[in-house]
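Worksheet for the structure shown next.
Readers should treat all values here as calculations from the given coordinates under stated rules, not as data from a laboratory. Quick caveat, the model's predicted, so the values are computed rather than measured. For neighbour counting, all protein chains shown are included, and Cβ atoms are generated from backbone atoms with ideal geometry for every residue, glycine included.
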Amino acid sequence: MHVESRGVPWTKLDFQVGTQVRNKYSQSCQKILTHWNLLFKPWNTLFRKFKGGPDWIVERELAEGALKTWRANVREEHDQYQYVNSSLVELNVTEQQPTAPPPLRPMIKEICANSGAAFTGLGRHLANDLCYHLVIHPATPAIYICQDDTRFKGLLNGIPEYLKCFTEPGYLSAMAGSCGVDQENPFRFNENSNRLYMHCYVDVFRRCSKLVPEDVYLKYLYQGLLDPRHTIGELLCSN
C-alpha cells in the first residue's frame, strides 16, 4: 500500500482532473509536459506512483495516440540497437550484451509495465487474456508487433474490443448484483463476486487448460504457435 501525505490539508481543487494533466505526454510518452506539471503539481504528486494513462474505454482516441507513440519509440529503439550492435561487431567488441533490450522486450512485460502509458488498466490477468484473444504469444518481442502494419492494427483494434466486455450490461449487472449490499460489513471480501468473476471472466491466466474455439485454434495453428520447432518471426515450415 502506498500513502501520500503533505504538510497542508488537501482541498477539492487538488482533485480536479484535467484531460491535459494525464494525457499530454512528451515524445517519450513517459513525462507529462513541464507546463502541466507546474500548473497541476498536486494532482501529479498524488498519482505519481500510479502507472496511469489514457483510458481505453472513455479516452480511446488518446489511448490510441499513446499506443502509436509507443510503437514509434519501439521502432526507433530497434533501429538504434541494430546500429550500435553492428558497430560493436565491426570493432570486435566482445562485452556481453544486456538481455532483452527495449525493442526486444516481450509483449507481456510491455503491457504489464504500461510502457509508454499505452496499456492502462491491463494488469497480469488482463494482459495474459488479451494476448490469448489476439493470438499473441506472451514472449513475442515488441518489435515483431510494431514493425508490421497488420499486426499492429490487430493490437490497436484488439485492445478496446477485448475490454468492451467489461462495459456490457451483462457483466455490470452480474458483478453489481453479487456485491455485498446485503452484508453486515460491505468491505468484507465478496466470495460470490470473486467466484463469478473467476469462473466467467478469466480465460487463460493461471489456468492449466482451456477449451479453445475452432477459429482461435486455427489462428494459432496458422501462425505456428502450436509448433514447438517454430521461432516467432521466422518462416513457417510446410511440414
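Using the basic label-point model (7 angstrom from Cα toward the beta carbon), what is the H199 to K153 distance in nanometres?
Each label point lies 7 Å from its Cα, and together they span 4.1 nm.
With a 10 Å Cβ neighbour count serving as the proxy for reagent exposure, in which order, fewest first, do K109, K49 appear?
In order of increasing Cβ crowding within 10 Å: K49, K109.
I want to check the label-to-label distance for L172 and L104. Put each point 7 Å from Cα in the C-beta direction and report it in nm to one decimal.
Rounded to a tenth, the inter-label distance reads 4.6 nm.
Using a Förster radius of 35 Å, what is the FRET efficiency between L235 and R60 based on their Cβ-Cβ separation? Nearest 0.05, please.
Efficiency, rounded to the nearest 0.05: 0.50.
Between beta-carbons, use under 13 Å as the cut-off and find the net charge around V204, counting Lys and Arg +1, Asp and Glu -1.
Spelling it out: positives minus negatives among the neighbours equals +2.
Enumerate the residues in region 192-211 having an amide nitrogen under 18 Å from the point lying 7 Å beyond the Cα of L225 toward its Cβ.
202-211
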